[in-house]
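The values are calculated or read from the model by the stated rules, or taken from the named source; none is laboratory data. No experiment lies behind these values; they were computed from the predicted model shown. Here Cβ is always computed from backbone atoms with ideal geometry, including for glycine, and neighbour counts include all displayed protein chains. Just so you know, the surface numbers come from the protein's heavy atoms only, side chains and all, with ligands and any DNA or RNA stripped out. Shrake-Rupley method; radii C 1.70, N 1.55, O 1.52, S 1.80 Å.
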Amino acid sequence: MTKLGCCATALLLLACGGKSTSSVQPAKSATAAVQGFMQAVADSNISKMASLWGTPSGPAAKTHQPQDWERRVAIMQAYLKSDSYRVTSDVAQSEVRRALQVEIRRQTCTWSVPFGAVKTADGSWLVTQVDLAQAGNPARPCDEGPKSDSSSR
């Protein structure tokens, strides 16, 4: 996928994928934040993703940070869209930061994607980091070094 194609896809997702987030509940744990974020990815709900992704200052949907937050959320949606996902680990880095691993599956291939979560001042949790380089290429679901799936044998 070219840069132009990726940007066009991101803009299309942003324009078409947003749904109302007035009922987005704050996540009470890092795992809940990641699960809500990944469900929003599956639902193509860009607005909900932006309500569950941000910094210790709050969700990107409220803080409008970083400056290009809308584009970043749309790109994350394109790369994380999968047939299924599961949180495989959740490890404390400090009282306010956690490192999680999320296994995503596209067709018969799986990837382990590192996520970071942060606790905000109000006690809720947000996804703050996603290593998209570990998510494979959404245009070629089984390229770029995925783990082979031995569970289907």
Checklist entry - When all protein chains stay in place, what accessible area (Å², nearest 10, 1.4 Å probe) is found for Ile75? => result 30
Item to check | Approximate spin-label separation Arg140-Ser29, in nm, with each point projected 7 Å along Cα-to-Cβ | outcome: 3.8
Checklist entry - Is the shape of the range 22-89 best called rounded, prolate or oblate, per the rule: a/c under 1.5 gives rounded, else a/b larger than b/c gives prolate, else oblate, with a ≥ b ≥ c the square roots of the Cα gyration tensor eigenvalues? => result oblate
Next on the checklist: Give me the one-decimal nm value for the distance between modelled label points at Ser57 and Ala42, 7 Å along each residue's Cα-to-Cβ direction.
Outcome noted: 3.3
Next on the checklist: Between Ala121 and Asp83, how high is the FRET efficiency from 1/(1 + (r/R0)^6) when r is the Cβ-Cβ distance and R₀ = 30 Å? Nearest 0.05.
Outcome noted: 0.25
Next on the checklist: So, taking all protein chains as they sit and a 1.4 Å probe, how much accessible area belongs to Ser29, in Å² rounded to tens?
Outcome noted: 50
